[in-house]
Number of protein chains: 2
Amino acid sequence: MVRHNLLVMSDLVGSSEVRRLRRFANVYRSSELDEKTLADRLRQTDALLISSWPEILTDETLRSMKRLRFIQGILVGVDHIPFQTLGRKVVVCSNAGAYSLEVGEHAFGLLLSAAKRVVDTHNSVARGKTDFKEFRGTAEDILVLRGKTLGVIGYGGIGAVVAGLGRSFGMKVIAFSRSRRSGRGVKFVRGRGALTSLLAGSDAVVLAIPLTNLTERLIGAKEFSVARRNAILVNISRGDIVDQAALYEHLRRNPSFRYATDVWWYKEGRETLVTDYPFTSLPNFVGTPHISGPTAVASGRPVRMAVENTLRYLRGLRPKNVVKRSEYYRSIVL
Amino acid sequence: MVRHNLLVMSDLVGSSEVRRLRRFANVYRSSELDEKTLADRLRQTDALLISSWPEILTDETLRSMKRLRFIQGILVGVDHIPFQTLGRKVVVCSNAGAYSLEVGEHAFGLLLSAAKRVVDTHNSVARGKTDFKEFRGTAEDILVLRGKTLGVIGYGGIGAVVAGLGRSFGMKVIAFSRSRRSGRGVKFVRGRGALTSLLAGSDAVVLAIPLTNLTERLIGAKEFSVARRNAILVNISRGDIVDQAALYEHLRRNPSFRYATDVWWYKEGRETLVTDYPFTSLPNFVGTPHISGPTAVASGRPVRMAVENTLRYLRGLRPKNVVKRSEYYRSIVL
């Protein structure tokens, strides 16, 4: 068996994991190499283990890595990888499933915060609105989840956790997935028409689909026009799934519609908390600063799973979570 | 069978419910009577159906209602009823269970908002903190519910809903209840020592116990001192279960400890959003303005259940939810 040259380019990988990887490969850590040695190693590297895309891997450097065949990400999404520059033979693996528990819980935290109007009523009290009667209108807008319909767009690990929690709250669950899926008590739908009817029939919708060239701006003016007047849209996927301008306009015109997100739009290839519109001035917008991921990282599971999958590759087995490269043409740096 | 004289003193009760009640009693509505007629009726009234305590029922008026034998509340709590003035023969019934679903969901909304630090991170972004890196410390404070321990203090209808949701999130659930209870997957504890160990062993605690002379300031400096450093305390019961000064001091000194509430302290006998300490200036305080109750009222269930129980009394059956009067000595107006 060929002994691979694996370059670990993430500080998240600890020394015990490096020891495991060394049983099947020559393992180098970019953080331990000087510039010249790193340049040499890069040319010999056939496997990469990364979290966010390393700034040192410019398009030029990447093109010089003729032996590269495998990239394993520690993040769940791979939309930050410059696929257009990667040689055709490079297999890219996401870390799907590694964040499902934490991100799924976070999605429900956002959903309930918006459903119970926690953020805007808290802030109204803080700003000195101290008459209970003034909140009667808000109370009418509170969504009781039991008996309502939850639409889940994307049924990977996170979508499955969200669907399960929705069932626990006594919700009917509809899941949109392009591949055939099964899940207890979940109604699955497929195709563009199904997306529209899911949006029209749901009291709450959670976006749990990867950002690809098929899903960018999946939710725009047309989709908002079919959604329920007082629906809640939760995004724990990527900001760019939603059209920013259309969302702002929709929130401004429909105070009962709510958007709650942990993810933000890309600007010049990077996710940023600076938005094109003053979303945080709207009472029907809730935004947390992409904090669901780090919580998962802290559990150690993402690194463990990424290492397991890398070991699969190093040992000549078929790795899991190989992404369809044709769906990722964009160059985004996380 | 004696035909009762029932006085309905709540606008929440609709005409169809009044028709049902008329089959078993002479029913009058205070809103339809002039002052003099009302005064006459009050003297003849043996049963009252109320929501918040009617201002017209002063201690003097109440003492003149010699025939009064039964009071049914539409609110879940009865701590606003002036028990010390009521004749000994008056049976008082709470509306326990009528709000369980909505208030239980709200409790989880508050718990997740605090667990995922939704309010304070949202507000930090709104105030212009736009560097993801600045939130790394906060992310470390995020509580993942799965595998953690939820303590539920009070296991009535709301406590049972909260415990069930906790189980759905994969939490271990301990419930403190003074009466013997059973619930699937819930460990029950009793007695003052048990309260201390519940607080010491829980990552999140939900207060779902009525406010009585036994529970007022149940949670004070001593209880905070045994609680986990980064625990979350949720209150959907009554503000006065918690010692306000001790809470403020604890939150100020322990930024990882969180308090999330829908209920506020009494001042001059009324719940008020004006607090003695600047709670809303603390990032580890989340407060909604008692909005879980109105949501339940909107479902129609509280009125329906209160009417059902009143019918039970009118028909000579034993009513449900008779409260132990000895535990309510206070005079609080909601």
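The values are calculated or read from the model by the stated rules, or taken from the named source; none is laboratory data. If you're wondering where the values come from, they're calculated on a predicted model, not measured in any experiment. Virtual Cβ from ideal backbone geometry, glycine too; neighbours counted across all protein chains shown. We work out accessible area using only protein heavy atoms, side chains counted, and drop any ligands, DNA or RNA first. Shrake-Rupley method; radii C 1.70, N 1.55, O 1.52, S 1.80 Å.
Couple of notes before you dig in:
- Reachable aspartates and glutamates, given that their alpha-carbon falls under 12 Å from the alpha-carbon of B:K267 and they are not under 8 places away in the same chain: B:D240, B:D276
- Between copies, the label points of B:R253, set 7 Å from Cα on the Cα→Cβ line, lie 5.4 nm apart, reported in increasing order to one decimal in nanometres.
- Across B:G97, B:G183, B:G239, mean-square fluctuation computed from a Gaussian network of chain B (C-alpha pairs under 10 Å connected) peaks at B:G183.
- Measuring between their Cα centroids, the stretch B:24-93 and the stretch A:234-279 lie 53 Å from each other.
- With the label put 7 angstrom out from Cα along the Cα-to-Cβ vector, A:V2 ends up 9.6 nm from the copy partners, going from closest to farthest.
- Chain A: most fluctuating residue of A:L317, A:L199, A:L12 per GNM, C-alpha cutoff 10 Å: A:L317
- Three semi-axes of the equivalent ellipsoid, the protein assembly as shown, Cα gyration tensor, whole Å, largest first: 55, 25, 21
- Computed over every Cα-Cα pair of the stretch A:221-334 and binned at 10 Å starting from 0, the pair-distance distribution P(r) comes out as 11, 33, 30, 18, 7, 1 percent.
- Shape analysis of the stretch B:58-159 based on the Cα gyration tensor places the equivalent ellipsoid semi-axes at 46, 17, 10 Å, largest first.
- Computed E for A:D276/A:N123 - FRET, C-beta separation, R0 30 angstrom, nearest 0.05: 0.85
- Inter-probe distance in nm under a simple model that places probes 7 Å from Cα toward Cβ, at B:K89 and A:R88: 9.7 nm
- 7 Å along Cα→Cβ, label-point gaps from B:N123 to other copies, nm, shortest first: 1.1
- Proximal lysines relative to A:K320, as straight alpha-carbon distance under 25 Å, when same-chain residues fewer than 8 apart are discounted: A:K66, A:K89
- Per-residue surface analysis assigns A:S16 an accessible area of about 60 Å², computed on protein heavy atoms at 1.4 Å probe radius.
- Extension gain, B:S326 to B:A221: 0.36 nm times the residue separation minus the Cα-Cα distance gives 35.2 nm.
- Distances between placed amide hydrogens fall under 5 Å for A:T261 paired with A:N235, A:V286, A:G287, A:T288, all partners being 5 or more residues away or on another chain.
- Computed P(r) (all Cα pairs; the stretch B:103-258; 5 Å bins; percent): 2, 9, 19, 22, 20, 14, 8, 4, 2, 1, 0
- Max mean-square fluctuation residue, GNM over chain A, Cα-Cα springs under 10 Å, options A:G151, A:G191, A:G201: A:G191
- Cα gyration tensor of the stretch A:1-94 - equivalent ellipsoid semi-axes, whole Å, descending: 19, 15, 14
- Here the protein assembly as shown exposes an accessible surface that is 49 percent carbon and sulfur, computed with a 1.4 Å probe and the other protein chains kept in place.
- Where rotation carries A onto B, the chain A residue whose Cβ is nearest that axis, in whole Å: A:S168, 2
- A convex hull fitted around the alpha carbon atoms of chain A yields 145 Å³ per residue.
- Protein heavy-atom accessible surface, 1.4 Å probe, per residue over the protein assembly as shown: 42 Å².
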